[in-house]
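In what follows, a single structure is set out as structure tokens and then discussed.
The values are calculated or read from the model by the stated rules, or taken from the named source; none is laboratory data. Note that the structure is predicted; figures quoted are calculated from it, not measured. FYI the Cβ positions are ideal-geometry reconstructions off the backbone, even for glycines, and counts take in every protein chain you see. The area values use the complete protein model at the heavy-atom level, side chains included, leaving out ligands, DNA and RNA. Shrake-Rupley method; radii C 1.70, N 1.55, O 1.52, S 1.80 Å.
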Amino acid sequence: MNFDETDGQKPLARMTYWQKTFGCQMNENDAERVAGMLEMAGALPVSTLEEADIAIFLTCCVREKADERLMGQVASLKNIPPAHGDKRIVCVGGCIGQRDGEKLQQQLKHVDVVFGTHNLGHLVRLIERRMQTGTAVAETIESNDGFSSELPLHRDKPWHAWVPIMTGCNNFCTYCIVPYVRGREASRPIEDIERELNGLAAQGVKELTLLGQNVNSYGRDLYGYPRFADVLNIAGTCGVERVRFVTSHPKDLLPETIEAMAAHPTIMPQLHLPLQSGSDRILSAMNRKYDTARYRSLIATLREKIPDISLSTDIIVGFPGETEKDFQATYDLVKEVSYGQVFTFIYSKRAGTPAAEMDDPATHEEIQDRFDRLVALVQEQAHAENAKELGATVPVLVEGTSKRDERFLAGKSPKNQTVHAPLPAGATIDEYLGRIVNVKVDETKTWYLRGQLVDA
Ligand code: 5AD
Ligand code: SF4
């Protein structure tokens with residue numbers, strides 16, 4: 001992606017910035033790039049909006065709720081004056097920026113800069129233009145001019161790196177807005193990925209997450225080769241201790257990918273494999289291009305090759321035309337697979353997608369009732385999966401303290417479970433951040449494991 005270099009000038013010197021990120025890991029990665037670019041241009045991060053000269057929102061439009069939340073938050077900014085100066089520069093980027101462009105400034109008149117998903121690298125120039133001309137700016141472009149990995153970076157957690165390997169999506173699931181705001185699939189050259197991975201290992205990064213809307217179709221736009229399994233083989237041997245990846249599509253998950261996962265102990269025994277629905281009729285209406293037989297066979301292969309794998313998934317409840325029978329099929333399949341984590345969503349109509357034109361005879365109450373039943377199952381299941389760890393010693397990558405009790409460190413197990421353990425007397429969390437420590441689990445809950453630090 002083109003980055004507007006500033007020739008050593010610091011156009012945002014003495015300015016402060018604050019940003020808020022909605023949505024998926026792509027936006028979290030983009031937020032680290034925004035921080036990198038703004039700081040290179042001289043701006044300093046602040047922890048509250050009130051102190052900020054520049055406010056940046058990285059937005060998501062995958063469901064209506066995120067849309068509404070953004071609108072509410074940005075609208076309320078009008079009433080929050082900046083602590084210094086007389087005007088705060090409000091910037092809205094990401095998926096809503098890409099979708100709405102300058103229309104957003106008609107709805108929210110105090111938005112100064114709108115940018116999209118493909119021109120993150122121009123943000124500093126757009127802010128500068130706003131400051132020089134005093135008029136609002138909106139710029140979105142239709143396709144990427146490279147990868148955000150070429151932009152400066154300020155990592156949120158120094159021990160963790162997001163590594164985008166592909167962007168965009170060609171699948172056009174009928175409910176999904178993503179292909180319209182993130183564009184077509186484009187894979188990053190494997191040599192660039194390899195160079196970045198080796199650099200991360202040299203910097204002592206402990207965990208990396210390979211990122212893409214559909215990582216399994218990596219390389220399809222590069223003459224079909226190399227493929228995702230090649231990326232996994234490089235990542236698995238680059239020297240970084242923990243490798244994860246999101247997101248996978250069941251139609252594109254190949255046996256060679258499962259083999260690569262099984263071959264490298266550094267690739268964590270965890271997979272997010274969105275099912276969306278357990279009804280073949282609904283999967284077909286969703287244009288998912290797999291059926292439940294294919295999904296079941298993938299799960300069987302995964303469990304055979306990686307016996308301790310923890311699975312997570314996404315489920316949409318209330319897709320147009322979903323009947324109680326369709327829902328029951330989803331419920332039964334979720335029960336059968338037994339996931340460590342399930343992200344449950346009520347279908348949200350997105351203008352411009354094919355599903356938005358489909359009729360739905362189900363009532364709000366019926367859909368809510370299905371959703372509640374699924375959530376109850378998912379919680380039971382998460383608890384049962386966690387209970388399997390009782391008495392085990394698990395390596396935990398420490399990420400901070402427990403939100404409820406600062407005397408407990410909190411981190412992630414290889415299966416991505418949250419683990420808490422008391423900090424030793426007199427120790428501070430700073431000594432532990434980004435380290436992998438062993439915890440013997442003595443208590444298991446629905447959302448986390450608890451245990452004691454042990455030496456081995
Ligand atoms: N309504 C509800 N959920 C959706 N998702 C995507 N689009 C919609 C929608 N219109 C969910 C899918 C996807 C996850 C990221 O968001 O389950 O996997
Ligand atoms: Fe959306 Fe389907 Fe693409 Fe995922 S695969 S981003 S759900 S269109």
The chain, dipole about Cα centre (Lys/Arg Cβ +1, Asp/Glu Cβ -1), debye to the nearest 20: 220 debye
Using the heavy atoms of the protein chains and a 1.4 angstrom probe, tell me the accessible area per residue for the chain in square angstrom. 44 Å²
Ellipsoid semi-axes in whole angstrom, largest first, where each is sqrt(5λ) of the Cα gyration tensor of the chain: 35, 29, 23
Modelled label-to-label distance, ALA83 and ARG14, 7 Å Cα→beta-carbon offset: nm? 1.7 nm
Gain in span if fully extended, VAL375 to GLN203, counting 0.36 nm per residue against the direct Cα distance: 57.8 nm
Determine the gain in length on full extension of the stretch LYS65-LYS325; use 0.36 nm per residue of separation and subtract their C-alpha separation, reporting nm with one decimal. 90.9 nm
Value of Rg to Rh for region 217-374 (Rh from inverse mean 1/r over Cα pairs, i.e. Kirkwood): 1.02
For region 280-315 and region 136-165, what is the centre-to-centre distance using only Cα atoms, to the nearest Å? 31 Å
What does DSSP give for the chain in terms of the percent of beta bridges that are antiparallel, rounded to the nearest 5? 35 percent
In nm, the gap between the two label points placed 7 Å beyond Cα toward Cβ at ASN438 and GLU336 is 3.9 nm
Only bridges whose two residues both fall in region 108-247 count here: according to DSSP, what percent of them are antiparallel, nearest 5? 15 percent
Pop out the carbon and sulfur fraction of the accessible area of region 16-139 as a percent, whole number, probe 1.4 Å. 51 percent
Can you give the log10 of the normalised intensity I(q)/I(0) at q = 0.18, 0.21, 0.23 Å⁻¹, computed with Debye over equal Cα scatterers of region 103-192? -1.00, -1.12, -1.17
Simple spin-label model, 7 Å along Cα-to-Cβ: TRP447 to GLN368 in nm? 2.2 nm
Would you calculate a helix-derived [θ] at 222 nm for the chain, using -39,500 (n - 2.57) for each DSSP H run of n ≥ 4 and dividing by the full residue count, to the nearest 500? -10000 deg cm²/dmol
Taking only C-alpha pairs under 8 Å that are 6+ residues apart, what is the relative contact order of region 153-387 in percent? 17 percent
Would you mind telling me the share, in percent, of accessible area of region 393-454 contributed by carbon and sulfur at probe 1.4 angstrom? 47 percent
Could you tell me which of rounded, prolate or oblate describes region 1-141, using a ≥ b ≥ c as the square roots of the eigenvalues of the alpha-carbon gyration tensor, with rounded for a/c under 1.5 and, failing that, prolate when a/b is larger than b/c and oblate otherwise? rounded
Mean separation of Cα contacts under 8 Å (6+ apart) over length of region 16-139, as relative contact order %: 23 percent
Would you work out the relative contact order for the chain, in percent, from Cα pairs under 8 angstrom that are 6 or more residues apart? 10 percent
Cα lying deepest toward the dipole's positive end in region 153-387, options VAL375, THR266, SER248, charges on Cβ: THR266
If unit charges are put on Cβ atoms (+1 for Lys and Arg, -1 for Asp and Glu) and the dipole of the chain is taken about its Cα centre, the option from GLY204, VAL34, ASN79 lying farthest towards the positive end turns out to be ASN79
